[in-house]
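Presented below is the structure to which this report refers.
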Amino acid sequence: MISSKVLNLRWFYLISRVLTPILMFSIGGILYGQGASEEIKLKKTSSGLDVYYGQKVIAEFSHTQTPQGRPFLCNIHTLDGIKVTRNYPITDKDQDDHPHHQGLFHTFSQLNGIDFWHMKGVAKHRLFTAPPKDGNPATFSAESIYLDRDGNTPLLKETMKYAFHVTDQGLLISVNAIIEAEAEKVTIGSKEEGGLAVRVASDLRVQKGGKMIDNQGREGGKAIWGKAARWVDNSGNKEGRWVGVTLLASHSDLGAFHWHARDYGLITANPFGPLNKAPDKILKKGEKLSFVYGLMVHSHQKASEYSPTSAEGIHLKKLQSLTTNLQSLPKLEGDAFFEVWDEEVLTGQVVVAMDGSVLVLKNISSKTDDMRYISVKRSVDGGKTWAEEKKVGDMVKVDGDMSDDGRYPNNNWAGLGNVMVDEMTGDIMVFLTTLKTAQKLYRSKDHGKTWKIEDTTIRPGKDGWMPATNGACDPGVTIKYGSKKGRLLMPARVFPEYLNKGKGRKRYNDLYAMALYSDDRGKTWNSSAPFPIAGTGESGLVELKGGRIYHNSRTHMRPGNRRIAFSDDAGETWYGEHEDDELFDGPPDVYGCKAGLLRLPYEDKDILLFSSPGNRETRTDINVWVSFDGGLTWPVNKLIKTGPGNYTWMAAGRKGTPSEGMIYLLAGKDWMARFNLAWLLEKA
């Protein structure tokens, strides 16, 4: 249903002009989903699909409206019925420039030299690859083909996956655009006009008093244009409400999004930047790129009631509705393999050196001060045989009373903390820590054979508290992408006031996860911003392809699942914090449990593993969950071992070594296992 006329005098607003604000608020709540069904329905039409919320069409998907055939969403409304995109077709009430800005559309201005943005090339709908499905979310997928100048030869296939969610912030439209070269060579330029764009309603544009702002606080098209950002919001007053759209750019296989923004009402998230400067992106036949976006369509009584940052968190949490995980399984070679054995350990770490040597590190201590040291056990054949356990070095004492009425005894001794394998130099660093770092580490330059103690400088964060390079955090990573390539980054945590004895754990719930990063090969370390919520710690982090950091944390003072946040600046700041829908944090429920996080070494796939007790009542029955989409969903899980398990750590083998293809799991209840992905996916 494509209509150029919209009924502007809805009954809600007729009532609101004559009734009290309290009654108006009550009716608004019913319209916004408190009294209406939250299900969204999709109905096919001769030109595409109509999107219904209740009895009203709130958006239209069209793929037959132009001679060129480019599909788009148009006439998008808030859940309470206010249109936020420019009318399509354009009416005499609209600013009538740029007729190719139909609503919400994804395209390119330079594709093998053809300008599809200005519709000078043909891009046609092929088919619905996933049929329309009603619900919350409502979903469908559509495939289009970009054609060469002859109008017949395929250049590029584009699959657009849409999910429509009713949320407490408004209507969220999640979009995953997957492009695949069908020609032998496809060249995509960096010109400003490209990516996912939205043209807002004429009365919301900045030129008419609307407000445009990005996540960095820059305001207006001129300030935002060409800059890298995660989201841009364009809102204004319309029909007595503060309404608008937040365009969210959450993932690109190419890295950061740069923005093409204009005060006449256009915002565009372009993955091919920096705009007009970046080199052309060349795809060979069969090569793919994936981009993930969101559009939060919001309506509130006043601007202060809406938070784009909260909208971003909701969007990141809802992305699982777009994934088709099991279709992207890697090709597995070799037979399934699994082995488990006894390995006495309470707290430890497992890492794989650059030469493929597998290292198991442990804290060794007695109740007296006579025996306190760190040991290492090493295998050079992928874990088939192990050398005799050897001493890395002694624990060291640190100043200050860091106990808290017996909860953390003997905390003046700094023992096994986090571990870092520098993938640039091959050095292995073992940090010494208690509730704060000892500012010392053991370094090995020969893949774990010998060790020397050295000083390191770890700087506190802005709050002044010294981090703990905690052994219950997962090992660090070496950054592979972006301007900070080569940076060392590891998860850590902060205990404010170090839980000093006699203070009754008053600040216990203020502890928080964070990260430490080094740009000088581990000589000095800077503190990241805190994880977005307190009460977190014992976390793991991995770098996804393209450079985004995925941070997964335990929480010590709230029920529910693991907490997730992201970084796009190589671990300096965090955003998008939310509770994972699937990964339980515990047991116990409120206190949580340390888990293991690992990214497998596939260059083109973000396959993550997560290890944790599978029993929700006791810390037993260790399971491993598998994600094929960088932690958005976890469709596979498998029991590793029944019985006691508690804390777990994981590591992956190195390519070209005896450890290649192997996954190592160390459990804090005296056992260890090694297995491969083929076994993990077998009958999982």
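The values are calculated or read from the model by the stated rules, or taken from the named source; none is laboratory data. All values reported here derive from a predicted model rather than from experimental measurement. Cβ atoms come from the backbone with ideal geometry, glycine included; neighbour counts cover every protein chain shown.
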Within region 554-576, considering residues that are farther than 21 Å from Ser518 by Cβ and assigned to a strand (DSSP E or B), the one modelled with the lowest pLDDT
Gly576
Quick check on my filter: what residues within region 625-659 are among the charged types (D, E, K, R) and within 27 Å of the chain's Cα centre (by Cα)?
Asp629, Lys638, Arg654, Lys655
Looking at (1) crowded, with 18+ Cβ neighbours inside 10 Å; (2) within 24 Å of Val292 (Cα to Cα), can you tell me which one Ile82 breaks?
(2)
Evaluate the following for Arg554: is it over 25 Å from Ser290 (Cα atoms), under 23 Å from the mean Cα position of the chain (by Cα) and surrounded by fewer than 24 Cβ atoms within 10 Å (Cβ to Cβ)?
no
Filtering region 448-488 down to residues that are at pLDDT 95 or above, surrounded by fewer than 21 Cβ atoms within 10 Å (Cβ to Cβ), within 25 Å of the chain's Cα centre (by Cα) and farther than 14 Å from Asn526 by Cβ yields Thr478, Lys480, Lys485, Gly486
Mind counting the residues in region 420-447 that are aliphatic (A, V, I, L, M) and either outside the structural domain of Ser659 (by TED's automatic domain parsing) or more than 13 Å from Gly522 (Cβ to Cβ) (or both)?
3
Has region 521-528 got any residue that is under 26 Å from His251 (Cα atoms), crowded, with 24+ Cβ neighbours inside 10 Å, in the same structural domain as Ser627 (by TED's automatic domain parsing) and touching a residue at least 60 places away in the same chain (Cβ under 8 Å)?
yes
Looking only at residues that are free of Cβ contacts under 8 Å to residues at least 40 places away in the same chain and farther than 16 Å from Pro491 by Cβ in region 433-443, which one is surrounded by the fewest Cβ atoms within 10 Å (Cβ to Cβ)?
Gln439
Just give me the residues in region 296-324 being within 30 Å of Ala183 (Cβ to Cβ) and either in a strand (DSSP E or B) or of a type in the set (S, T, N, Q) (or both), in sequence order.
Thr323, Thr324
Scan region 68-110 residue by residue and report those that are of a type in the set (A, V, I, L, M) and modelled with pLDDT of 95 or more.
Leu73, Ile76, Leu79, Ile82, Val84, Leu104
Looking at (1) surrounded by fewer than 23 Cβ atoms within 10 Å (Cβ to Cβ); (2) more than 21 Å from Lys56 (Cα to Cα); (3) touching a residue at least 12 places away in the same chain (Cβ under 8 Å), which is the one condition that is false for Asp96?
(3)
Scan region 109-132 for residues that are under 18 Å from Glu180 (Cβ atoms) and basic (Lys, Arg) and report the count.
2
(1) outside any loop (DSSP other than H, G, I, E, B); (2) at pLDDT 90 or above; (3) under 16 Å from Arg563 (Cα atoms); (4) in contact with a Gly (Cβ under 6 Å, 6 or more places away or on another chain): which one isn't true of Cys593, the others all being true?
(1)
Keeping to region 569-599, report how many residues are surrounded by fewer than 22 Cβ atoms within 10 Å (Cβ to Cβ) and under 23 Å from Arg459 (Cα atoms).
4
So Pro274 fits all but one of (1) surrounded by 17 or more Cβ atoms within 10 Å (Cβ to Cβ); (2) touching a strand residue (DSSP E or B) at 6+ places or on another chain (Cβ under 8 Å); (3) of a type outside the set (Gly, Ala, Ser); what number is the exception?
(1)
Please work out which one of (1) within 29 Å of the chain's Cα centre (by Cα); (2) modelled with pLDDT of 90 or more is the condition Ser62 fails and give its number.
(1)
